[in-house]
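The values are calculated or read from the model by the stated rules, or taken from the named source; none is laboratory data. These figures come from a predicted structure and were not determined experimentally. Here the Cβ positions follow ideal geometry from the backbone for every residue, glycine too, while neighbour counts run over all protein chains shown.
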Amino acid sequence: MLTSQVFMSSLEEIRHSLAHLLAAAVLKKYPKTKLGIGPVIENGFYYDFQFPKPIAEADLERLENEMRSLIKAGLDFKGEKLTPLKAKKMFKGQPFKLDLIKEFSKDKKPLTIYHTGDIFTDLCRGGHVKNTKEINPESFKLTHLAGAYWRGSEKNPMLTRIYGLAFNTKQELEEHLKMVEEAKKRDHRKLGKELGLFTIIDEIGPGLPLFYPKGAILRRLVENYIIELQEKNGYVPIWIPHITKGELYKISGHLDKYDAMYPPMKLKDEADYYLKPMNCPHFMMLYKTEPHSYRDLPLRYTATTTNYRYEKSGELSGLTRVRALTQDDCHVFCAPEQIESEINLMLDMIGQAYQDFGFKDFWIRISVSDPKNKEKYIGNPKVWQESEAALKTLIAKRGWRSEIGVGEAAFYGPKLDFILKDVLGREWQLSTIQLDMNLPKRFELEYTDAAGKKQQPVVIHRAILGSTERFLGILIEHFGGAFPLWLAPVQIAIVPISEKHLDYAKKLKSELSEFRAEISEENETLGKKIRNAQLQKIPYILVAGDKEIEQNSANVRHYKTGVLGNMKLESLKEKLREEIKNRTNSS
RNA sequence: GCCUCCUUAGCUUAGUGGCAAAGCAACGGUUUUGUAAACCGUAGACGUCAGUUCGAUUCUGACAGGAGGCUCCA
């Protein structure tokens, strides 16, 4: 009986009901607690509280047990409508609930409350199981505490949020916990350390990663890939300095508006200098130094260059949120009628890059203007209309998944954001394409058209990686540190069986000089040296001993598929070249 | 920034109000290895600054780092 009921309730109802049971348990243990809200989230639920005295994570187990006994008590959930007046009376000791009641009655939303047995009543729109017996008491877990501002605003009081996981069955809960453990293993911060890729040093500062040789090689491979892709497609490199006089940001308008800028460097006899937090103004100035003809357009300037942003300390994390971020930035200066073909070219390049890096799961947010709010946007309405239509059809033609965000465009232009879903289902914004009709105006950019008249070009911003650092973080986690051959910082570990074979190992290395190979020279057993190479996730291991010297060959072992056997050097080279060319990840 | 938690050697971890324990890594030696950990030895740490105390790595506070979180809306 019980089990069939369990399957009748939706997981959402179970989670929502558990949130109420958590609140009931909290009130029972700490009666003076003020209640916030308790919604359902991915994998579970949370509830926000203002406790009279701070509680510790150790208290969660007791709350959990309390919830279990409430479940076993077989309490009914019952909803009831009521008037704002009655609601205010009912929740008079609950300031946050009163806040909500005020808001809902202002919006003329109907008010409902839900009773859990006769022990607890919460303001709630509903969506519960009928009886707590439908909840499997073993399939949920309170996981952790966190601070959360009331309604997400820093101006409001900080509440204590209790997070819980909840599933239909104990097995699903355990599977989820196992998956979280697996995720920890491929965390780029952990792998960065284990694989010797990067580090962050206290004395240098949070959000300012340093790269070891292997990380620097990976970085360079990724950046060079983009540089080559761009130059193949008619983009030209420029170079810009990393600091500038404040004057530049007065022109661009960033000085008043942009809040993540580092404070200026004060000099005695000169104007203030700033670290650049973005590149656009530098690009604009460079364009402006020369007269341009319509024949020059589209002009595609690119630079891989580092920006410095003072991100809030609590928001920094590994490589994915840093204070020194390198962008594969690009600005295309073009005539309005070139917008469509330029964006199409950008989409080609992004599609190519994602394919080569093995990213298959992504979608695109198309941010367009709000037609009801036209005065908000600057620039030629015709350009807006045409470019928005072009963005939509170009994406649709490729069959890429997309969502249209009406009113999400910036005041200066519509944009495309590429959102990548990683192996763990988390979403990351990578590439971005953005039209800009503001900067050309502010910087008074011009070109001369065929009729000899001055015209204002449109600027299209574009980044494929977004930021090299964040991209590397995502890439490391995407491959769990086991990079495909073309990206592996060390592609081949050459393992001599004993010191006698060291010379042959060196000979192999020099014959394989087109690949990134390392010799394990340490005085260790063969097994140990192979283990070390495996732990470093090096794609190929070549064992060199007497047999190999005799046959002038190498015994090949692949990171994933194990021993492949003896191979002549030429055929090994062919195989590796092929694998690199195809950018595949198998042996 | 704010909330909760965390900080012991290069890494992973143990432990204590009274000499801080181990494995891996490093270094020195022995060994000369056939596909995921040979053996012996050496060196190395309680994040910083205060306070409480006869005595603090341990208790308290501040600071610095780190982790998770800070509208997925009753």
> Looking at the range A:491-511, is at least one residue without any contact (Cβ under 8 Å) to a residue 24 or more places away in the chain, in the same structural domain as residue A:211 (by TED's automatic domain parsing) and surrounded by fewer than 21 Cβ atoms within 10 Å (Cβ to Cβ)?
Replying inline: no
>> Can you list residue pairs whose Cβ atoms sit under 8 Å apart, with the first residue in the range A:111-138 being in contact (Cβ under 8 Å) with a residue 12 or more places away in the chain and the second being charged (D, E, K, R) and part of a loop (DSSP other than H, G, I, E, B)? Count only pairs 6 or more apart in sequence or on different chains.
In response: A:112/A:125
> For the range A:367-416, how many residues are part of a loop (DSSP other than H, G, I, E, B) and of a type in the set (Lys, Arg)?
Replying inline: 1
>> Any residue that is surrounded by fewer than 19 Cβ atoms within 10 Å (Cβ to Cβ) and within 22 Å of residue A:195 (Cα to Cα) - is there at least one of those in the range A:551-560?
In response: yes
> In the range A:86-131, how many residues are under 20 Å from residue A:16 (Cβ atoms) and of a type in the set (Lys, Arg)?
Replying inline: 4
> Restricting the search to the range A:25-50, which residues are surrounded by fewer than 15 Cβ atoms within 10 Å (Cβ to Cβ), more than 8 Å from RNA strand B (Cβ to nearest atom) and in a loop (DSSP other than H, G, I, E, B)?
Replying inline: A:31, A:32
> Name the residues in the range A:62-73 that are assigned to a helix (DSSP H, G or I) and either of a type outside the set (S, T, N, Q) or touching a His at 6+ places or on another chain (Cβ under 6 Å) (or both), would you?
Replying inline: A:62, A:63, A:64, A:66, A:67, A:68, A:70, A:71, A:72
> Among the numbered criteria (1) among the charged types (D, E, K, R); (2) buried (at least 16 other Cβ atoms within 10 Å of the Cβ); (3) near RNA strand B (Cβ under 8 Å from one of its atoms), which single criterion is violated by residue A:125?
Replying inline: (2)
> residue A:279 fails exactly one of the following numbered conditions: (1) farther than 29 Å from residue A:439 by Cα; (2) out of contact with any Leu (no Cβ under 8 Å at 6 or more places or on another chain). What is the number of that condition?
Replying inline: (1)
>> Can you go through A:208, A:255, A:248, A:218 and tell me which one is assigned to a helix (DSSP H, G or I) and over 22 Å from residue A:441 (Cα atoms)?
In response: A:218
>> Suppose the filter is at pLDDT below 95, part of a loop (DSSP other than H, G, I, E, B) and of a type outside the set (Ser, Thr, Tyr); does residue A:270 pass it?
In response: yes
>> For the range A:543-557: of the residues being part of a strand (DSSP E or B) and of a type in the set (A, V, I, L, M, F, W, C), which is nearest to the chain's Cα centre (by Cα)?
In response: A:556
> Does residue A:188 fit the bill of being modelled with pLDDT under 95 and within 18 Å of residue A:465 (Cα to Cα)?
Replying inline: yes
>> For the range A:190-205, give me each residue that is part of a helix (DSSP H, G or I) and crowded, with 16+ Cβ neighbours inside 10 Å.
In response: A:191, A:192
> Only one of these conditions is not met by residue A:537: (1) surrounded by fewer than 18 Cβ atoms within 10 Å (Cβ to Cβ); (2) in contact with a Gly (Cβ under 9 Å, 6 or more places away or on another chain); (3) closer than 20 Å to residue A:213 by Cβ. Which number is it?
Replying inline: (1)
> Quick one: in the range A:63-75, which of the residues that are in contact (Cβ under 8 Å) with a residue 12 or more places away in the chain and within 23 Å of residue A:180 (Cβ to Cβ) is nearest to RNA strand B (Cβ to nearest atom)?
Replying inline: A:63
> Tally time: how many residues in the range A:149-160 are outside any helix (DSSP H, G or I) and surrounded by fewer than 18 Cβ atoms within 10 Å (Cβ to Cβ)?
Replying inline: 7
> Are any of the residues in the range A:182-203 away from RNA strand B (no atom under 15 Å from the Cβ) and in contact (Cβ under 8 Å) with a residue 24 or more places away in the chain?
Replying inline: no
> How many of the residues in the range A:317-352 are closer than 22 Å to residue A:402 by Cβ and β-branched (Val, Ile, Thr)?
Replying inline: 4
> Across the range A:104-116, what is the total count of residues that are near RNA strand B (Cβ under 8 Å from one of its atoms) and within 24 Å of residue A:157 (Cα to Cα)?
Replying inline: 1
>> Quick check on my filter: what residues within the range A:456-468 are more than 11 Å from the chain's Cα centre (by Cα) and either within 24 Å of residue A:358 (Cα to Cα) or not assigned by TED's automatic domain parsing to the domain that holds residue A:319 (or both)?
In response: A:462, A:463, A:464, A:465, A:468
> Looking at the range A:359-366, is at least one residue assigned to a strand (DSSP E or B), β-branched (Val, Ile, Thr), in the same structural domain as residue A:472 (by TED's automatic domain parsing) and crowded, with 18+ Cβ neighbours inside 10 Å?
Replying inline: yes
> Quick one: in the range A:513-534, which of the residues that are of a type in the set (Gly, Ala, Ser) and buried (at least 18 other Cβ atoms within 10 Å of the Cβ) is nearest to residue A:576 (Cα to Cα)?
Replying inline: A:517
> Does any residue in the range A:530-547 that is farther than 19 Å from residue A:572 by Cα come within less than 8 Å, Cβ to Cβ, of a residue that is outside any strand (DSSP E or B) and polar (S, T, N, Q) six or more places away or on a different chain, and which pairs are these?
Replying inline: A:532/A:520
> Listed residues A:55, A:101; which is touching a Pro at 6+ places or on another chain (Cβ under 7 Å) and either crowded, with 16+ Cβ neighbours inside 10 Å or of a type in the set (Phe, Trp, Tyr) (or both)?
Replying inline: A:101
>> Suppose we keep only residues that are part of a strand (DSSP E or B) and near RNA strand B (Cβ under 10 Å from one of its atoms) within the range A:558-571. Which one would you say is nearest to the chain's Cα centre (by Cα)?
In response: A:558
> Quick one: would you say residue A:219 is touching a strand residue (DSSP E or B) at 6+ places or on another chain (Cβ under 9 Å), within 16 Å of RNA strand B (Cβ to nearest atom), modelled with pLDDT of 90 or more and of a type outside the set (A, V, I, L, M, F, W, C)?
Replying inline: no
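The rows are residues; the columns are (1) farther than 27 Å from residue A:343 by Cβ; (2) in contact (Cβ under 8 Å) with a residue 40 or more places away in the chain.
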residue: A:209; (1), (2): yes, yes
residue: A:213; (1), (2): yes, yes
residue: A:223; (1), (2): no, yes
residue: A:228; (1), (2): no, no
